[in-house]
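Here the structure comes first, spelled out in structure tokens, and everything after it is commentary.
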Amino acid sequence: MERTYVMVKPDGVQRGLIGEIVRRFENKGLRLAAAKLMTVTPAQAERHYQEHVGKPFYPDLMKFITSGPVFAMVWEGDSAIALARKLIGKTDVTEAAPGTIRGDFALHTNRNLVHGSDSPESAEREIGIFFAPEELQSYSKAV
Ligand code: CMP
């Protein structure tokens, strides 16, 4: 069982795509372990995007991700990290396949609607940036 961090970015929230994105993850069979509408602080953005420091798109990325509410989520299930990346599609929107979230809805790479952790290490780190341990729910089948 894996957990992954998924975030509908400010462009996805403003375009009214939270429900569409959540539906795709639920349809796949992943379980929602945590979710909240929140504004990313500059300190959280710096931690989250530390690997992109110095890249040409970094200043815009920081401004954009803190510009309005995001919908932060934790999804869990077998191979949740890889499955989430498949559902989301490639970062470069010109390569994101139709049927993926970015392939179906995103027009620009720097406004690509949604983020998903790329490895178990990133998932653990990113979940820790946005959620306290007690915010994560655990359940199997409804009684
Ligand atoms: P994400 O993979 O969620 O995290 C890094 C983000 O940087 C990426 O989505 C894009 O939104 C943004 N970005 C903007 N330009 C680029 C680029 N040329 N290459 C990669 N990421 C980019």
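The values are calculated or read from the model by the stated rules, or taken from the named source; none is laboratory data. All values reported here derive from a predicted model rather than from experimental measurement. Quick reminder, even Gly has a Cβ in these numbers, built from the backbone with ideal geometry, and neighbours come from all protein chains shown.
Return a yes/no flag: does the stretch 66-78 have any residue that is free of Cβ contacts under 8 Å to residues at least 60 places away in the same chain and surrounded by 18 or more Cβ atoms within 10 Å (Cβ to Cβ). No, because not a single residue in the stretch 66-78 is free of Cβ contacts under 8 Å to residues at least 60 places away in the same chain and surrounded by 18 or more Cβ atoms within 10 Å (Cβ to Cβ).
This table checks each residue for (1) at pLDDT below 95; (2) within 11 Å of the ligand (Cβ to nearest atom); (3) within 17 Å of T109 (Cα to Cα); (4) of a type in the set (G, A, S).
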site	(1), (2), (3), (4)
M7	no, yes, yes, no
G19	no, no, no, yes
N27	no, no, no, no
A34	no, no, no, yes
Y49	no, yes, yes, no
P56	no, yes, yes, no
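Residue pairs whose Cβ atoms lie under 6 Å apart, sitting 6 or more positions apart in sequence or on different chains, and linking a residue in the stretch 29-54 that is farther than 14 Å from I129 by Cβ to a partner that is assigned to a helix (DSSP H, G or I) and within 13 Å of the ligand (Cβ to nearest atom), are H52/Y58. In this entry, G99 passes the filter for residues that are over 23 Å from A35 (Cα atoms), loosely packed, with under 14 Cβ neighbours inside 10 Å, modelled with pLDDT of 95 or more and away from the ligand (no atom under 13 Å from the Cβ).
Listed conditions (1) more than 13 Å from the ligand (Cβ to nearest atom); (2) in contact (Cβ under 8 Å) with a residue 24 or more places away in the chain are all met by E121, apart from (2).
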